[in-house]
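Novice: Structure provided below as structure tokens; questions to follow.
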Amino acid sequence: MSSSSVLYDHPGPRARLRSHVLGVVFAVGLVALLWWIYSKFDAAGQWEARLWTPFTEAKTWTQFILPGLRATLEAAAVGMVLSLAFGLIFAVGRLSEHWWISVPAGAIVEFFRAVPLLLMIFFIFYGVPFLIQGPVPAFWAVVVGLTLYNGSVLAEAFRAGIRSLPGGQSEAAYAIGMRKSQVMRLILMPQAARAMLPIIVSQLVVLLKDTALGYIVAYPELLQRGVNDLAANYGNILAAAMVVAVIYIVINSLLTALAGWLDRRTSTRGTRPAKRPRLFATVDSAPEGGTTATNPQG
Amino acid sequence: MHVFTDPKNFDAYLSGFLWILKLTGASAGLALLLGVLLAAMRVSPVPVLRGVGAAWVNIFRNTPLTLIVLFCYFGLYSTLGLNLADSLDLNNYWLGVVGLSAYTAAFVCEAVRSGVNTVPAGQAEAARAIGLTFTQTLRIVILPQATRSVVAPFGSILIALCKNATIVGTIGVIEASSVMKDLLNENGDAVIPIFLVFAGTFAALLIPTGYLFGWLANRLAVKR
Amino acid sequence: MRTKRAVTVAAVAALSFAMAACGGDDDSADGIVGKAESQEKLVIGVKADQPGLGLQTGTEYEGFDIEIGKIIAKGLGVDESNIEWKTTVSSNREPFIQQGTVDLVVATYTINDERKEKVNFAGPYFVAGQDLLVQADSEITGPNQLDGKKVCSVTGSTPAKRIQTDYPNAELQQFDSYSKCLPELEKGQVDAVTTDDIILAGYAAQDQWAGKFKLVGSTFSDEPYGIGLKKDDTTGCEKVNEILTEAASDGSYQAAWDKTLGKSGTAAPELDTTKLTHCGSV
């Protein structure tokens, strides 16, 4: 966080003073706001011990929160693997030269990007059983829903990544006698995946958050067990929601940090699009400094 | 299609999507304002502002929207006493708008920030050289150029926002997904057509929106 | 292009496999009596978020519905430890029965004609009625006083719809579970919570709400709770009714009540065995 941004001069004494004053005023305002929230919560009895003691009991963790977290991570892990596969396949499919591959692939991707996940999970759980004449476990309803939606977004990310590569890459590969599939697999995909890493990771964060929608089909994930079921037992919905929110934030931040580390590790090798001088040096690394949209579903 | 020929169901369908559109419209405006403000905070010279901006983005982007919307109801409304409208439905609607905007603003902020980053550093240097201040540099030179590269991300954010509006059903706004649930429960024999109509409506609204933004982004792109 | 085609085919195959993997393989066609005999186990669908009736406390379930489930399992010769409890929500009870995800549903399941078209009902083992839960010092005495009041219920549920059609001047707050309504009632953000009296009593008896709420006590509907089974399982249905009749006379019905909802001091209701269903045969 140095002052090397090119958006403003290196602050002189007056600018420093002004920024300090502004900072202090803002900080005081912020503290006042937080204090007001705290006291309002206090007045409403939200800090009462009975709402919070459940979280000091082992049972709350071993029987509600941790199993919920496990179910969330399970659905997220399977969903991540399947969406990456779905994304790769449909990105390649959409880039195909045969219209009978590229058109259906494009239509599928566009459709699943446009339908809310909530609708999709609901349909898979309640509608698909009529089609396949058998029950769909809540787990698969969540995972398949996550895969179709996030996979479609990833397909678009991969496709954009492949198209952003310099044409010389594939030309050179063809010149040394590679087949189409080899060019895609050995030359284009690895580079596209690296270039698109920030988007891929933020999409995986989205996927992890979206597992929370599993509660509508009673999939026992973190939100269902940690907030809904826990509150049914102890009547402490706001307290439970705060604890669970912190867990989500920690996990997603870890995932983001992991991606940043991966990005730094991989970006030292190989080609990346040349970096233009950046406007402000305070930008963190991936995925926040990503070059394209992140997708805020769910 | 007998389900939708019943005027009661058809009205429910219409009002469900009307809620979605209203939620999307109001939240898009608010999120845009808040997001740009947050982005400005995140690149500002004042460390406290930068910290708050970063905290906002990290908190809201990493929490499931369902939880945020629950907080809006149980925290903002029922504990902090934030009453936004007299009627229950309208109040829930506005609480939903607050939740959606706070969440979406985090994504808008990041899109604007990376948009700002696509503007060559020379632009800012030149602006400063002719004596523009930080706010002037942002307002007159950087943001207008960043806007162009931000069009495409904004498109996907808007699309996601529209879909996310279904989550406000959690606090009792009977939007499209709640209507669909209801219809599915009552018409077990027409599950597929009901889903196709609801999903199809979303697709009909959002796929063209996606292409519109793609086209705009191409038209406005700065060729460098 | 052969590879790309292969990849696409693989994708489709992978997807359909994923879907097929979801499909159940359990095809016990001869109903619950047959399944209980041959496999000596049962899957029972229950509620997970209704204190006093069906509440998941960690890994266990407890409540009146759970006890009824145990009585039925015992009557069918299935050991308590061989019962698999499965969480159901109101909207997935019929699909669960039809698809064979569960063998029985004991989940505050009101018998009505619409549902009878899809599933078979044994019972009723209890007759509930829609009622209002209000703050202990509230002056509301019945649904007619709800004009301009805020009433909380579950989205799209029968009680919620009854309020909308019969008492349109009440403002309806809908959530996805009743447990979200209760804190709102405590704070006075809503004036009443409405659903079946027995469900409300279960919530009101929870430690954290003890003494804060009261049931208005003027029910405005009849909700006979039945036990849901596959539509064609007439034998199973008749057997369950037999078991219920026996439970009423040998005191196990009474014991189930005393162990759960009876804790609040309410005496066990009479199980009227003359009102049991005819299991689809008229």
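Novice: What tally of residues in the range A:80-123 results from selecting those that are within 14 Å of chain B (Cβ to nearest Cβ) and among the small types (Gly, Ala, Ser)?
Specialist: Result for the range A:80-123: 3.
Novice: Spot the failing condition for B:Asn83; the list is (1) within 29 Å of A:Leu207 (Cβ to Cβ); (2) of a type outside the set (Val, Ile, Thr); (3) away from chain A (no Cβ under 12 Å), and only one is missed.
Specialist: With (1) within 29 Å of A:Leu207 (Cβ to Cβ); (2) of a type outside the set (Val, Ile, Thr); (3) away from chain A (no Cβ under 12 Å) applied to B:Asn83, the lone miss is (1).
Novice: Could you tell me whether any residue of the range A:181-201 is farther than 30 Å from A:Ala114 by Cα, assigned to a loop (DSSP other than H, G, I, E, B), out of contact with any strand residue (DSSP E or B) (no Cβ under 8 Å at 6 or more places or on another chain) and modelled with pLDDT of 85 or more?
Specialist: No.
Novice: Here is a follow-up. Taking the range B:121-143 on its own, how many of its residues are more than 7 Å from chain A (Cβ to nearest Cβ) and among the basic types (Lys, Arg)?
Specialist: Qualifying residue count, the range B:121-143: 1.
Novice: While we're here: Can you find a residue that is out of contact with any Ser or Thr (no Cβ under 7 Å at 6 or more places or on another chain), without any contact (Cβ under 8 Å) to a residue 60 or more places away in the chain and under 23 Å from C:Asp207 (Cβ atoms) anywhere in the range C:153-171?
Specialist: Taking every residue of the range C:153-171 in turn, none turns out to be out of contact with any Ser or Thr (no Cβ under 7 Å at 6 or more places or on another chain), without any contact (Cβ under 8 Å) to a residue 60 or more places away in the chain and under 23 Å from C:Asp207 (Cβ atoms).
Novice: For A:Tyr8, all conditions in the list (1) within 14 Å of chain C (Cβ to nearest Cβ); (2) in contact with a Lys or Arg (Cβ under 9 Å, 6 or more places away or on another chain); (3) modelled with pLDDT under 90; (4) surrounded by 17 or more Cβ atoms within 10 Å (Cβ to Cβ) hold save one; what is the number of the exception?
Specialist: (1)
Novice: Among the residues of the range C:169-178, are any assigned to a helix (DSSP H, G or I) and closer than 22 Å to A:Leu230 by Cα? Step through it out loud before you land on a result.
Specialist: So in the range C:169-178, the residues assigned to a helix (DSSP H, G or I) come out as C:178.
When the remaining residues are screened for being closer than 22 Å to A:Leu230 by Cα, the result is C:178.
Yes - at least one qualifying residue is present in the range C:169-178.
Novice: Confirm whether B:Ser78 is among the polar types (S, T, N, Q), modelled with pLDDT of 95 or more and closer than 26 Å to B:Ala176 by Cα. Before the answer, list the steps.
Specialist: On the way: among the polar types (S, T, N, Q): yes; modelled with pLDDT of 95 or more: no; closer than 26 Å to B:Ala176 by Cα: yes.
So B:Ser78 fails the test.
Novice: Select from the range C:35-84 the residues that are surrounded by fewer than 22 Cβ atoms within 10 Å (Cβ to Cβ) and within 14 Å of chain A (Cβ to nearest Cβ) and write down the one among them that is modelled with the lowest pLDDT.
Specialist: C:Gly58
Novice: Considering only residues of the range A:213-237 that are of a type in the set (Ser, Thr, Tyr) and in a helix (DSSP H, G or I), which is farthest from A:Pro116 (Cα to Cα)? Spell out the reasoning first.
Specialist: Within the range A:213-237, the subset of a type in the set (Ser, Thr, Tyr) is A:215, A:219, A:234.
Add one more test, that the residue is in a helix (DSSP H, G or I), and what stays is A:215, A:234.
Values: A:Tyr215: 15, A:Tyr234: 32 Å.
Per the criteria, the residue is A:Tyr234.
Novice: I would also like to ask the following. For the range A:164-180: of the residues being of a type in the set (A, V, I, L, M, F, W, C) and part of a helix (DSSP H, G or I), which is nearest to the other protein chains (Cβ to nearest Cβ)? Show your work before the answer.
Specialist: Step one: of the range A:164-180, the residues of a type in the set (A, V, I, L, M, F, W, C) are A:165, A:172-173, A:175-176, A:178.
After this cut, where a residue has to be part of a helix (DSSP H, G or I) as well, the list is A:172-173, A:175.
Values: A:Ala172: 20, A:Ala173: 15, A:Ala175: 20 Å.
Within the range A:164-180, the match that is nearest to the other protein chains (Cβ to nearest Cβ) is A:Ala173.
Novice: Do you know which of the residues in the range A:136-154 that are within 10 Å of A:Phe125 (Cα to Cα) and of a type in the set (Phe, Trp, Tyr) is nearest to the other protein chains (Cβ to nearest Cβ)?
Specialist: If we take residues in the range A:136-154 being within 10 Å of A:Phe125 (Cα to Cα) and of a type in the set (Phe, Trp, Tyr), then A:Trp140 is nearest to the other protein chains (Cβ to nearest Cβ).
Novice: Then there is this: Quick check on this structure: which one of C:Val89, C:Val105 is touching a Gly at 6+ places or on another chain (Cβ under 7 Å) and either buried (at least 18 other Cβ atoms within 10 Å of the Cβ) or of a type in the set (S, T, N, Q) (or both)?
Specialist: Result: C:Val105 is the single residue among C:Val89, C:Val105 that is touching a Gly at 6+ places or on another chain (Cβ under 7 Å) and either buried (at least 18 other Cβ atoms within 10 Å of the Cβ) or of a type in the set (S, T, N, Q) (or both).
Novice: Separate question: Of these, B:Val69, B:Val98, which one is surrounded by 24 or more Cβ atoms within 10 Å (Cβ to Cβ) and of a type outside the set (Ser, Thr, Tyr)?
Specialist: Details: B:Val98 fails: surrounded by 24 or more Cβ atoms within 10 Å (Cβ to Cβ).
Unique residue meeting the criteria: B:Val69.
Novice: Taking into account only those residues within the range B:166-181 that are aliphatic (A, V, I, L, M) and in a helix (DSSP H, G or I), which is surrounded by the most Cβ atoms within 10 Å (Cβ to Cβ)? Don't jump to the end; show me each part of the working.
Specialist: So in the range B:166-181, the residues aliphatic (A, V, I, L, M) come out as B:167-168, B:171, B:173-174, B:176, B:179-180.
Keeping just the survivors that are in a helix (DSSP H, G or I) gives B:167-168, B:171, B:176, B:179-180.
Numbers: B:Ile167: 31, B:Val168: 29, B:Ile171: 25, B:Ala176: 27, B:Val179: 24, B:Met180: 27.
Ranking the qualifying residues of the range B:166-181, first place goes to B:Ile167.
Novice: Can we say B:Leu184 is at pLDDT below 90 and not in a helix (DSSP H, G or I)?
Specialist: Values: at pLDDT below 90: yes; not in a helix (DSSP H, G or I): no.
No, not satisfied.
Novice: If I filter the range A:26-47 for residues that are in a helix (DSSP H, G or I), of a type in the set (Ser, Thr, Tyr) and within 10 Å of another protein chain (Cβ to nearest Cβ), do I get at least one hit? Show your work before the answer.
Specialist: In the first step, residues of the range A:26-47 are kept if they are in a helix (DSSP H, G or I); the result is A:26-43.
In the following step, the residues that additionally are of a type in the set (Ser, Thr, Tyr) were identified as A:38-39.
Right, trim to within 10 Å of another protein chain (Cβ to nearest Cβ) and you get none.
The answer is no; no qualifying residue exists.
Novice: Of the residues A:Leu186, A:Leu230, A:Leu207, which is farther than 30 Å from B:Ala111 by Cβ and buried (at least 24 other Cβ atoms within 10 Å of the Cβ)? Quick ask: steps written out before the conclusion?
Specialist: Values: A:Leu186 fails: buried (at least 24 other Cβ atoms within 10 Å of the Cβ); A:Leu207 fails: farther than 30 Å from B:Ala111 by Cβ.
Every option except A:Leu230 fails the conditions.
Novice: Restricting attention to the range C:151-168, which residues are buried (at least 18 other Cβ atoms within 10 Å of the Cβ) and either outside any loop (DSSP other than H, G, I, E, B) or at pLDDT below 90 (or both)?
Specialist: Taking the range C:151-168 as the starting set, the residues that turn out to be buried (at least 18 other Cβ atoms within 10 Å of the Cβ) are C:151-157, C:159-160, C:163, C:167.
Of everything in the range C:151-168, those that are buried (at least 18 other Cβ atoms within 10 Å of the Cβ) and either outside any loop (DSSP other than H, G, I, E, B) or at pLDDT below 90 (or both) turn out to be C:Val151, C:Cys152, C:Ser153, C:Val154, C:Thr155, C:Gly156, C:Ser157, C:Pro159, C:Ala160, C:Ile163.
Novice: Can you tell me which residue among B:Leu158, B:Leu196, B:Leu206, B:Leu132 is over 24 Å from the mean Cα position of the chain (by Cα) and part of a helix (DSSP H, G or I)? Walk me through how you get there before you give the answer.
Specialist: Details: B:Leu158 fails: over 24 Å from the mean Cα position of the chain (by Cα); B:Leu206 fails: over 24 Å from the mean Cα position of the chain (by Cα); B:Leu132 fails: part of a helix (DSSP H, G or I).
Going through B:Leu158, B:Leu196, B:Leu206, B:Leu132 in turn, just one is over 24 Å from the mean Cα position of the chain (by Cα) and part of a helix (DSSP H, G or I): B:Leu196.
Yes/no matrix, rows are residues, columns are (1) touching a Ser or Thr at 6+ places or on another chain (Cβ under 9 Å); (2) crowded, with 23+ Cβ neighbours inside 10 Å; (3) among the small types (Gly, Ala, Ser); (4) not assigned by TED's automatic domain parsing to the domain that holds C:Lys74:
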position: C:Leu185; (1), (2), (3), (4): no, yes, no, yes
position: C:Gln208; (1), (2), (3), (4): no, no, no, yes
position: C:Gly228; (1), (2), (3), (4): no, yes, yes, no
position: C:Thr235; (1), (2), (3), (4): no, no, no, no
position: C:Ala255; (1), (2), (3), (4): no, no, yes, no
position: C:Ala267; (1), (2), (3), (4): no, no, yes, no
position: C:Leu271; (1), (2), (3), (4): yes, no, no, no
position: C:Gly280; (1), (2), (3), (4): yes, no, yes, yes
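Novice: Return the total of residues in the range B:31-75 being assigned to a helix (DSSP H, G or I), in contact (Cβ under 8 Å) with a residue 60 or more places away in the chain and facing chain A (nearest Cβ under 9 Å).
Specialist: Total meeting the criteria: 4.
Novice: Here's a follow-up. Given the structure, is B:Lys163 at the interface with chain A (Cβ under 8 Å from one of its Cβ atoms) and at pLDDT 90 or above? Full working, then the answer.
Specialist: Working: at the interface with chain A (Cβ under 8 Å from one of its Cβ atoms): yes; at pLDDT 90 or above: yes.
Yes: the conditions hold for B:Lys163.
The values are calculated or read from the model by the stated rules, or taken from the named source; none is laboratory data. Since this is a predicted model, take the numbers as computed values, not measurements. Positions of Cβ are backbone-derived with ideal geometry, glycine not excepted, and every protein chain shown enters the neighbour counts.
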